[in-house]
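The values are calculated or read from the model by the stated rules, or taken from the named source; none is laboratory data. Values in this document were obtained by computation on a predicted structure and should not be read as measured data. Cβ placement follows ideal geometry from the backbone for every residue including glycine, while neighbour counts extend to all protein chains displayed. To get the accessible areas, we keep the full protein, side chains included, count just its heavy atoms, and leave off ligands, DNA and RNA. Shrake-Rupley method; radii C 1.70, N 1.55, O 1.52, S 1.80 Å.
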Amino acid sequence: MLMNVTDGLMTGIGTIDRLKKKATNTTGNSAEEPISLEDVFGMNRNITWLLPLEPMLPDYDRVVGFSMPQRLLREGGENTSVC
């Protein structure tokens, strides 16, 4: 399990995606970049990743993969229509 996590961090691709690429023989066509440790543990110099605290991430929306509508409305960004 530790090897899967290490491989995922180094290659930037998850286990299922890696197995799909291996099955279709397209492992050489990957465009993923390695995941930075700052995205995993946050930017604090303190060892807070042991505690269940919300980490300070460099770009929270990029790391989690989505933006909250409240944040978009607060920052006055474009595409702020909430359905």
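With each pseudo-label sitting 7 Å past Cα toward Cβ, what's the GLU33-LEU51 distance in nm, one decimal?
Roughly 3.2 nm, to one decimal.
Once you put a point 7 Å from the Cα of ASN44 and another 7 Å from the Cα of PHE66, both along the Cβ direction, what distance in nm separates them?
It works out to 2.5 nm between the two label points.
How much length is gained on full extension from THR11 to GLU75, taking 0.36 nm per residue of separation minus their Cα-Cα distance?
Extending this stretch completely gives an extra 19.7 nm.
Using only the heavy atoms of the protein chains and a 1.4 Å probe, how would LEU73, LEU2 rank by accessible area, largest first?
So, going from the largest accessible area down, we get LEU2, LEU73.
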